[in-house]
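The values are calculated or read from the model by the stated rules, or taken from the named source; none is laboratory data. Computed from a predicted structure; not experimentally measured. Here the Cβ positions follow ideal geometry from the backbone for every residue, glycine too, while neighbour counts run over all protein chains shown.
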Amino acid sequence: MWFMIHNINAPDALDRRADHVEAHWDYLDAAQDHMITAGPYFSADGDTRIGSIFIVDFPDAVAAESWIAKEPFTKHGLYASHTIHVYDHRWPKPDDAGNTK
């Protein structure tokens, strides 16, 4: 089942990011079998980092919560909060073989 994990940065996240970014990337790399897509999002000015979104594939919400709880930015308080929602992929539409157009 796919989940969207919506992370909101702590106010001082950018100041502390460098201390944890390698562990963050290593954690995401180790979870490649679960990752659909991920990336930061920004304010309308395009410069101010607000948080990140992960679209992940886990058997259930408990597994998704367990995974994000161990994520280095979560563990070290760079994310002020996160929410998990079921994600229903609708676009682009996959063909019968599961390929997107």
Fill in the blank from the handout: Restricting attention to segment 71-101, the residues that are among the hydrophobic types (A, V, I, L, M, F, W, C), modelled with pLDDT of 90 or more and either over 21 Å from Asp29 (Cα atoms) or surrounded by fewer than 11 Cβ atoms within 10 Å (Cβ to Cβ) (or both) number exactly 2
Exercise for the section: Working only within segment 60-101, note down all residues that are among the aliphatic types (A, V, I, L, M) and either assigned to a loop (DSSP other than H, G, I, E, B) or touching a residue at least 24 places away in the same chain (Cβ under 8 Å) (or both). Expected result: Ala61, Ala64, Ile68, Leu78, Ala80, Ile84, Val86, Ala97
Exercise for the section: Tally the residues that are over 16 Å from His82 (Cβ atoms), at pLDDT below 95 and surrounded by 12 or more Cβ atoms within 10 Å (Cβ to Cβ), restricting the search to segment 37-58. Expected result: 0
